[in-house]
1. Hey, can you grab everything whose amide H is under 5 Å from the amide H of Val73? Only 5+ residues off in sequence or another chain; H modelled, so Pro and N-termini drop out.
2. Once amide H atoms are built 1.01 Å from N in the peptide plane, which residues 5 or more positions from Gly42, or in another chain, come under 5 Å H to H?
3. Near the amide H of Thr98, under 5 Å away, which other amide H atoms are found, from residues 5 or more places off or on another chain, if H is placed in the peptide plane?
4. Evaluate E = 1/(1 + (r/R0)^6) for Phe85 and Ser126, where r is the Cβ-Cβ distance and R0 equals 22 Å; express this FRET efficiency to the nearest 0.05.
5. Using the beta-carbon distance between Val37 and Phe12 and R0 = 45 Å, what value does 1/(1 + (r/R0)^6) give for FRET efficiency, to the nearest 0.05?
6. Taking the radius of gyration and the Kirkwood hydrodynamic radius from Cα positions alone, what is the Rg/Rh ratio for region 31-142, to two decimal places?
7. Using Cα pairs under 8 angstrom and six or more residues apart, how large is the relative contact order of region 31-142, in percent?
Amino acid sequence: MKSIVAYRMVNFALTMCLLLVFNGKVLAHGAGDEQIVREKSGPYYVTVWSTSDAGSGDLHFTVAVGDLQENPVLDASVVIKVTPFGSEKAVITQEATTKESANKFRYETDFSSMQTGIYSITLVVSGAAGEGAISFDMEHSYEQYSSSWYMLALLSLIVLGLFGFLLRRKTILNVSTIVH
């Protein structure tokens, strides 16, 4: 009985540690702030998410492309152009692909070491059905506090779980001494 309880406690603690360690990596692929949701761009529907990485300054984009019948398009060329807001000279262009994507139905790319600020984003999708372009403005900022909230909530759950375990164990021990 004691070994099962000890095993469960160790298993729970290791799971919580893994969640803390890999929190940023899990959120980086496929999650983030929705910038565009199912907006028509030529013969395609496009959804765009972005994530800012506080540690490296990377700006991550995830793009979902669908045809007008709402089927995923997996053979398109997706090019993202990032320009500082109000400036036409410093354009950074990268292709988003499904090769490095955690979800092969989405296109992903990272822009490294970006300064915080407001950017104009232009997304060009080219494929067998034709070409479409879409533009939007977004703020690239580091959300350093977000992982602190996760850690605080997780630590609270661990403390409450440990308190509940100890209280339950004390109750079980008291009942077993009364019975014997």
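1. Amide H neighbours of Val73, under 5 Å, 5+ apart: Val65, Gly66, Asp67.
2. Sorted by chain and number, the residues that satisfy this are Ala133.
3. Long-range HN contacts for Thr98: Glu108.
4. 0.30
5. 0.75
6. When Rh is taken as the Kirkwood radius, the ratio is 0.95.
7. Rounded, it is 27 percent for region 31-142.
Throughout, read-outs are computed from the coordinates displayed, never taken from laboratory work. Fair warning: this is a prediction, and the values are worked out from it, not measured in the lab. Glycine gets a Cβ as well: all are built from the backbone with ideal geometry, and neighbour counts include every protein chain shown.
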